[in-house]
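See structure below.
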Amino acid sequence: MVIFDYRLPSPGLQEFVRLYQIIAFEFKEANNIFWKPYWPRPENCLSFYPRYSELIKFEDGRQEERKNRSALWGQFCQVTSRGLTANFFIFQIVFQPGALFRLTGIPSNLLTNTYIDGEAIFSSSEISRVNEQLDSASNSQEMIEMIEAYLRYLVSRVKYDLRPIDKASLYLLHHPKNISLDWLAREACLSRKQFYRKFVERIGVSPKLYARIIQLDHAVKLKNTQPHKDWLSIALELGYYDYQHLARDFKEFTGSTPSAFYLQEVQAPERQFGKSEM
């Protein structure tokens with residue numbers, strides 16, 4: 001059994017939520033751990049784990065078992081490996097740039113390269129109720145309706161209004177190539193120094209680093225979509241100056257060359273079911 005479902009939020013929630021990811025695997029090898037290399041993506045997330053936890057290996061060699069049934073994920077700048085159990089299920093809310101800060105008031109740079117128990121930030125009784133509902137749901141649409149009821153509750157208590165910097169951050173998410181930071185700062189009605197400080201507060205990393213993470217994410221997903229493409233073609237299509245600049249980013253963010261990382265990616269659990277992240 002496999003669920004690999006990406007859904008857009010309802011129009012009324014799109015100011016806060018970019019995407020829902022519903023992923024479930026049920027493997028026959030009940031005692032095995034299935035590892036997935038998780039490259040840095042331009043995202044802050046709230047994840048629900050109604051059934052089992054997952055193991056996490058960090059780039060520095062640390063390994064943790066994430067036992068909480070919910071987790072708030074900050075912006076990661078390094079690769080992690082996620083160990084999935086034989087009966088794995090996650091519902092992940094991917095927030096729009098700056099939305100997690102607006103909902104919680106927590107500076108996003110405090111969450112960079114880490115995660116915390118969702119119940120430490122949001123009402124534990126509400127989080128537990130959502131997990132119980134998700135575990136009993138019969139299909140993805142039911143799950144989304146449950147999640148969106150919870151999100152509407154969170155939005156009703158939002159701490160910060162939408163600002164021009166949030167719109168500038170969203171623009172950068174969709175146009176990471178050759179963007180002038182001075183131009184973005186002007187669009188956000190801020191000085192360059194103010195823009196940098198508030199961007200880090202809302203996103204978790206600097207604008208330039210965020211743009212590089214976006215491009216890396218595009219590169220991995222383009223290779224997944226079109227595996228016949230060579231890495232030089234991918235680099236040029238995505239606005240890298242040459243292959244070496246792409247390879248430099250892969251080395252910094254994943255510790256591997258593009259080809260070596262792709263060999264790990266094709267061993268990811270979803271590949272056993274003919275799926276890949278796109």
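The values are calculated or read from the model by the stated rules, or taken from the named source; none is laboratory data. Owing to the predicted nature of the structure, the values given are computational and were not obtained by experimental measurement. With ideal geometry, Cβ positions are generated from the backbone for all residues, glycine too; neighbour counts draw on all protein chains shown.
Brief remarks follow.
- Among the conditions (1) outside the structural domain of Phe76 (by TED's automatic domain parsing); (2) modelled with pLDDT of 95 or more; (3) surrounded by 19 or more Cβ atoms within 10 Å (Cβ to Cβ); (4) in contact with a helix residue (DSSP H, G or I) (Cβ under 6 Å, 6 or more places away or on another chain), Leu190 misses just one, which is (4).
- Residue in the stretch 125-139 that is at pLDDT 95 or above and of a type outside the set (A, V, I, L, M, F, W, C) present: no
- Considered as a group, the residues in the stretch 136-152 that are assigned to a helix (DSSP H, G or I) and over 22 Å from the mean Cα position of the chain (by Cα) include one that is farthest from Ile93 (Cα to Cα), and that residue is Ser136.
- Residues that are part of a strand (DSSP E or B), within 22 Å of Ala120 (Cα to Cα) and either touching a helix residue (DSSP H, G or I) at 6+ places or on another chain (Cβ under 7 Å) or not aliphatic (A, V, I, L, M) (or both) occur in the stretch 31-45; there is at least one.
- Extreme residue, nearest to Leu181 (Cα to Cα), among residues of the stretch 204-254 that are part of a loop (DSSP other than H, G, I, E, B) and touching a residue at least 40 places away in the same chain (Cβ under 8 Å): Val205
- Considering residues of the stretch 52-83 that are of a type in the set (S, T, N, Q) and not in a loop (DSSP other than H, G, I, E, B) only, the residue nearest to Ile214 (Cα to Cα): Thr80
- Just one residue in the set Glu59, Glu43 is charged (D, E, K, R), surrounded by 21 or more Cβ atoms within 10 Å (Cβ to Cβ) and under 25 Å from Val200 (Cα atoms); that residue is Glu43.
Conditions tested, residue by residue: (1) modelled with pLDDT of 95 or more; (2) within 23 Å of the chain's Cα centre (by Cα); (3) under 24 Å from Gln14 (Cβ atoms).
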| site | (1), (2), (3) |
| --- | --- |
| Tyr160 | no, yes, yes |
| His175 | no, yes, yes |
| Lys198 | yes, yes, yes |
| Pro227 | yes, yes, no |
| Ser233 | yes, no, no |
| Pro258 | yes, yes, no |
